[in-house]
Amino acid sequence: MDNKKYTFEITTLGCKVNSCESAAIEKNMLEHGFEKADGDNTDIFIINSCAVTGTSVEKARHLAKSKKSKEPKCVVVLCGCFPQSFPEKAALNTDADIVAGNAQKHNIPEMLEEYLKTGTKIVRIEQLSRNYDEKSAIPDENRTRAFIKIEDGCDRFCSYCIIPTARGRVRSLPIEEITKQALQCVNDGHKELVLTGINLGCYGQELGLTLADAVEAAAKSKVLRLRLSSLEPEMLSSDIIERFKAVSSLCPHFHLSLQSGSDSVLKKMNRKYTTEQFSRVVEKLREEFPDCAITTDIIAGFPTETDEDFQKSIDFAREMKFSKIHVFPYSLRSGTIAAEMPQLHPRIITERARVLISEAEKLEREFLKKQVGTVQSVLVEKPKSDAYSHGFTEKYVPVRIAEENIARHSLVNVKITGVRESYCVGKLEVRG
């Protein structure tokens with residue numbers, strides 16, 4: 001590589017795991033002498049891609065095409081789940097100069113150095129290791145809440161999901177490294193940490209550990225707030241939940257992926273629980289964490305889903321009183337079992353998603369109304385407006401505070417006075 005200082009920009013698509021891996025890519029690039037771009041033009045454009053939906057794949061392809069169209073001399077790197085899941089499509093049908101799978105993310109600087117010498121397209125997509133790659137991720141500290149990736153891969157093989165192909169089998173960050181990374185984030189000023197992974201609840205299964213061990217390890221950092229990202233309900237035993245309860249910094253907010261309220265559909269999805277089992281997990285969480293927030297994901301329009309199946313999802317959501325539902329219209333993924341099933345008409349999928357979103361909004365509003373009159377600890381985020389500060393409670397309730405100049409990362413006590421659309425409003429009580 002010549003003496004020119006090449007600039008780079010990273011665009012991250014998809015989950016918080018990708019954000020942690022983008023943080024590692026950035027650190028690695030800087031250590032190799034590349035510089036972050038400051039402005040519109042950049043020498044190197046890195047797309048850390050997602051493959052969960054067809055839309056995410058097309059977005060990655062569009063980004064590569066658009067960048068090459070606007071800046072033909074820019075070196076475009078496409079890495080991550082899209083190439084890992086669909087290597088031929090990523091290599092042949094994109095405008096990327098370098099195409100790298102998930103196992104090669106930490107080698108991007110070396111690939112760039114090679115490409116800048118030869119100008120020859122590079123495609124490197126290898127089988128994923130069964131060992132956790134500690135070089136591939138570092139804490140993502142670019143947000144108010146710092147994210148720590150503690151697990152990678154998934155062994156569940158849900159019939160609609162490409163993730164096992166994109167991410168490989170379950171592997172976990174060593175327990176002592178969790179404490180080390182958590183301490184780093186706390187020393188850097190973070191008051192809330194989020195433990196994340198591809199299938200977080202499977203943490204430690206190959207190490208003889210559980211997610212409770214990881215939570216306890218992170219709590220050694222003395223962080224004020226500790227949060228968990230999405231969880232598979234069947235991984236939460238009573239013992240694990242009871243150990244969660246003993247960690248005082250753990251936020252009473254649990255995101256349990258439901259996907260359907262119909263046992264028939266759950267079986268076709270190859271999910272590992274029934275609605276009765278899901279209900280028991282929610283009951284135990286509410287027993288140990290009274291008034292906790294339970295959020296979820298539900299897919300609308302899964303192949304063969306009947307009107308009765310769909311109504312069961314609505315009825316079960318009402319029964320569970322979810323505080324928030326992320327609604328996903330079913331998206332066909334080639335290479336999955338569900339792609340071979342009889343598909344519903346797109347119009348039916350769209351309509352069911354609309355109905356489910358409407359129901360989700362009602363449930364969310366009911367939950368928000370219960371916060372009115374209470375005093376909540378709010379972690380203040382980066383300012384969005386001069387008219388108010390905003391942040392999130394321990395239960396991940398968004399709050400707007402009619403008070404200017406509250407510093408980011410501040411923990412403040414807020415009296416919740418009302419509800420506006422999908423957030424609460426309140427007034428400052430005591431600065432933290």
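Any lysines with Cα under 17 Å of the LYS4 Cα? List them, leaving off those in the same chain fewer than 8 positions away. Reachable lysines: LYS36, LYS73, LYS117. Distances between placed amide hydrogens fall under 5 Å for TYR6 paired with GLU35, all partners being 5 or more residues away or on another chain. Between ALA217, ALA246, ALA60, the GNM of the chain built on Cα springs shorter than 10 angstrom shows ALA246 fluctuating the most. What percent do you get for the relative contact order of the chain when only Cα pairs under 8 Å and 6+ apart count? For the chain, the relative contact order is 10 percent.
Ellipticity at 222 nm from helices only: DSSP H runs of n ≥ 4 in the chain, each -39500 (n - 2.57), divided by the residue count, give -10500 deg cm²/dmol.
Listed highest first by mean packing, meaning other Cβ atoms within 10 Å per residue, what order do 81-92, 201-212, 362-373 come in? Walk me through the numbers before you get to the answer.
Numbers: 81-92: 21.2, 201-212: 19.1, 362-373: 15.9.
The packing order, highest mean first, is 81-92, 201-212, 362-373.
Remark on THR417: its backbone amide H falls under 5 Å from those of GLY373, VAL425, GLY426, LYS427, a criterion applied only to residues 5 or more positions apart or on other chains, H modelled at 1.01 Å from N.
What does the C-alpha gyration tensor say about the overall shape of the range 375-431? Classify as rounded when a/c is under 1.5, otherwise prolate if a/b is larger than b/c, or oblate.
On the way: a/c = 1.34, a/b = 1.14, b/c = 1.17.
Because its axes are fairly even, with a/c under 1.5, the range 375-431 counts as rounded.
Each label point was placed 7 Å from the Cα along the Cα-to-Cβ direction; for SER331 and LYS135 their separation is 3.1 nm.
Mind listing which trypsin sites (Lys or Arg not before Pro) in the range 252-328 are in a DSSP loop and have 15 or fewer other Cβ atoms within 10 Å?
Values: sites: LYS267, LYS268, ARG271, LYS272, ARG280, LYS284, ARG286, LYS312, ARG318, LYS321, LYS324; in loops: ARG271, LYS272, LYS321.
Within the range 252-328, the qualifying trypsin sites (Lys or Arg not before Pro) (loop, at most 15 other Cβ atoms within 10 Å) are LYS272, LYS321.
The translational diffusion coefficient of the range 163-294, from Stokes-Einstein at 37 °C and 0.692 mPa s with a Kirkwood hydrodynamic radius over alpha carbon pairs, comes to 210 µm²/s. Taking every alpha-carbon pair in the range 7-124 and binning the separations at 5 Å intervals from zero gives 2, 13, 25, 27, 22, 10, 2, 0 percent. Given the alternatives (i) 163; (ii) 150; (iii) 188, volume of the Cα convex hull per residue in Å³ as computed for this entry is given by (ii). Kindly work out what percent of the DSSP beta bridges joining two residues of the chain are antiparallel, to the nearest 5. Given both bridge residues lie in the chain, the antiparallel proportion sits at roughly 35 percent.
Taking only C-alpha pairs under 8 Å that are 6+ residues apart, what is the relative contact order of the range 146-369 in percent?
Numbers: 404 pairs, mean separation 39.7, N = 224.
Across the range 146-369, relative contact order equals 18 percent.
Annotation: amide H-H contacts under 5 Å for GLY261 (H modelled 1.01 Å from N, sequence separation of 5 or more, or interchain): SER313.
In order along the range 403-415, the Karplus-derived 3J(HN,Hα) couplings, from 6.51 cos²θ - 1.76 cosθ + 1.60 at θ = phi - 60°, round to 8, 8, 6, 8, 5, 4, 6, 6, 9, 10, 8, 10, 7 Hz, and Gly and Pro are given as x. In the structure displayed, which of LYS27/LYS384; LYS5/LYS65; LYS191/LYS268 lie more than 32 Å apart, Cα to Cα? Over 32 Å Cα-Cα: LYS191/LYS268. For the range 36-46, putting each phi into the Karplus relation 6.51 cos²θ - 1.76 cosθ + 1.60 with θ = phi - 60° gives couplings of 5, 5, 10, x, 6, 7, 9, 7, 9, 10, 9 Hz, in residue order, rounded to whole numbers and with x for Gly and Pro. Shown is the FRET efficiency for ARG347 and SER56, computed with R0 = 25 Å from the Cβ-Cβ distance and rounded to the nearest 0.05: 0.65. Each listed q (0.16, 0.21 Å⁻¹) maps to a log10 I(q)/I(0) for the range 235-376, found by the Debye formula over equal Cα scatterers with no solvent: -0.87, -1.28. Along the range 97-113 the Karplus relation, 6.51 cos²θ - 1.76 cosθ + 1.60 evaluated at θ = phi - 60°, assigns HN-Hα couplings of 8, 10, 10, 9, x, 5, 6, 10, 4, 6, 9, 4, x, 5, 5, 5, 4 Hz to successive residues, with x for each Gly and Pro. Relative contact order of the range 7-124: what whole-number percent is it, with Cα pairs under 8 angstrom and at least 6 residues apart? Relative contact order of the range 7-124: 23 percent.
Read-outs: derived from the displayed coordinates by stated rules, not from any lab. Please read all numbers here as calculations on a predicted model, not as lab measurements. Cβ sites come from the backbone with ideal geometry, for glycine too, and all protein chains shown count toward neighbours.
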